[in-house]
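The values are calculated or read from the model by the stated rules, or taken from the named source; none is laboratory data. Small disclaimer: the values here were computed from a predicted structure and weren't measured. Cβ atoms come from the backbone with ideal geometry, glycine included; neighbour counts cover every protein chain shown. Ligands, DNA and RNA are excluded from the accessible area calculation, which covers all protein heavy atoms including side chains. Shrake-Rupley method; radii C 1.70, N 1.55, O 1.52, S 1.80 Å.
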Amino acid sequence: MKKLNVILAFIMFGFLLNSCNNDSTQANYPYSVSMTDAPGPYKQVNVDVMGVEITGDGGQSVTLNVVPGIYDLLQLSNGVEQLIATDTLQISKVQQIRLILGTRNSVVLEDGTPNGTSYPLSTPSAEQSGLKLQVNQTLQEGIMYHVLLDFDANKSIVKLGNGGYKLKPVIRTVETAISGAIKGTITPIGTLAVATATNLVSLETYSTNVNVEGKFLVMGLPAGKYSLTITPDITVVPALKEVIIQETIVEIGQTTIIAPISLL
């Protein structure tokens, strides 16, 4: 299995996770999709990515925020991957990923010339309805999920009898969770407060607001040790005090639930 490029996904999601507020009625599931490739005997294999769509177990569909473009799969090997789509889902069960390709797909063959010879790749099924990939995931609130689309360039290129080439993608999906979360409650309920997790090594902070039910979820956390600070708005209730929990361990794919916190 190829090494997951966690850093790139966190950069793309950082602005969302550091400012995300809790919603007592709507769970959030950060999600990202990347591409990588197994090497093939070509100079280039270019795929035209137009869209990525997620389908839930109830049939509902979500179109992700995609980074459209033409990507050379042969540049995405030996652990290199390209982030192509991100979003925050409100569905907890994902059954299918649909990869939508455009018409500008091509293969470049080695023929002794400096740039090789380029041939268009016909992709009729992808153009009409997209490539449907089954994943069957059950998501956990607050955990950032990442799916890697692992192309096999060698098996995906079909030579036609007329001398042309067809793209018939052979793709393996690699599913993983790449973050953890801290979840808890405070009293008094209804207190305006901010929950901040600070990584004890990098000193990077991740914050969220405590909701009206006294609940908070700090999500998108890399694995490690954190201090957790609950800071109430003392301009509303001066008697409240800030509480610091010195060490909380976060693991990938897990939500660490801490004991209820009293601010009195």
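Listed by first and then second residue, the pairs linking a residue in the stretch 49-77 that is open to solvent by 30 Å² or more (accessible area, probe 1.4 Å) to a residue that is among the small types (Gly, Ala, Ser), with Cβ atoms under 6 Å apart and 6 or more places separating them unless they lie on different chains, are 50/102; 53/61; 66/51; 66/85. Exactly one residue among 154, 162 is of a type in the set (S, T, N, Q) and without any contact (Cβ under 8 Å) to a residue 24 or more places away in the chain, and that residue is 162. Output the number of the condition that residue 214 fails; it satisfies all remaining conditions of (1) open to solvent by less than 60 Å² (accessible area, probe 1.4 Å); (2) within 20 Å of the chain's Cα centre (by Cα). Among (1) open to solvent by less than 60 Å² (accessible area, probe 1.4 Å); (2) within 20 Å of the chain's Cα centre (by Cα), residue 214 violates only (2). Test residue 74 against the criterion of being modelled with pLDDT of 70 or more and assigned to a helix (DSSP H, G or I), and give yes or no. Considered against the rule, which asks whether it is modelled with pLDDT of 70 or more and assigned to a helix (DSSP H, G or I), residue 74 comes out as yes. Inspection of the stretch 41-56 finds no residue satisfying the criterion of being part of a loop (DSSP other than H, G, I, E, B) and either modelled with pLDDT of 95 or more or polar (S, T, N, Q) (or both). All conditions but one from (1) within 25 Å of residue 31 (Cβ to Cβ); (2) open to solvent by 70 Å² or more (accessible area, probe 1.4 Å); (3) not small (Gly, Ala, Ser) apply to residue 201; the one that does not is (1).
Residue check: residue 139 meets all listed conditions (1) farther than 17 Å from residue 107 by Cβ; (2) out of contact with any helix residue (DSSP H, G or I) (no Cβ under 7 Å at 6 or more places or on another chain); (3) at pLDDT 90 or above; (4) open to solvent by less than 10 Å² (accessible area, probe 1.4 Å) but one, namely (4). Taken over the stretch 89-107, the criterion of being among the aliphatic types (A, V, I, L, M) and open to solvent by 10 Å² or more (accessible area, probe 1.4 Å) is satisfied by 91, 100.
Quick check: anything in the stretch 91-113 touching a Phe, Trp or Tyr at 6+ places or on another chain (Cβ under 6 Å) and over 18 Å from residue 157 (Cα atoms)? No, every residue in the stretch 91-113 fails to be touching a Phe, Trp or Tyr at 6+ places or on another chain (Cβ under 6 Å) and over 18 Å from residue 157 (Cα atoms). If you check 96, 140 for being assigned to a loop (DSSP other than H, G, I, E, B), under 20 Å from the mean Cα position of the chain (by Cα) and touching a residue at least 40 places away in the same chain (Cβ under 8 Å), only one passes: 140. If a residue has to be part of a strand (DSSP E or B), open to solvent by 30 Å² or more (accessible area, probe 1.4 Å) and either of a type in the set (S, T, N, Q) or in contact with an Asp or Glu (Cβ under 7 Å, 6 or more places away or on another chain) (or both) to count, how many in the stretch 226-254 make the cut? Total satisfying the criteria: 2.
Restricting to the stretch 219-264, count the residues that are over 11 Å from residue 188 (Cα atoms) and in contact (Cβ under 8 Å) with a residue 60 or more places away in the chain. Qualifying residue count for the region: 14.
Just so you know, in the stretch 145-172 the residues that are open to solvent by less than 10 Å² (accessible area, probe 1.4 Å) and not β-branched (Val, Ile, Thr) include one that is nearest to residue 28 (Cα to Cα), and it is 146. Taking the conditions (1) assigned to a strand (DSSP E or B); (2) buried (at least 17 other Cβ atoms within 10 Å of the Cβ) in turn, residue 120 satisfies each one other than (2). Out of all the residues in the stretch 255-264, which are in a strand (DSSP E or B) and buried (at least 16 other Cβ atoms within 10 Å of the Cβ)? Correct list: 255, 256, 261.
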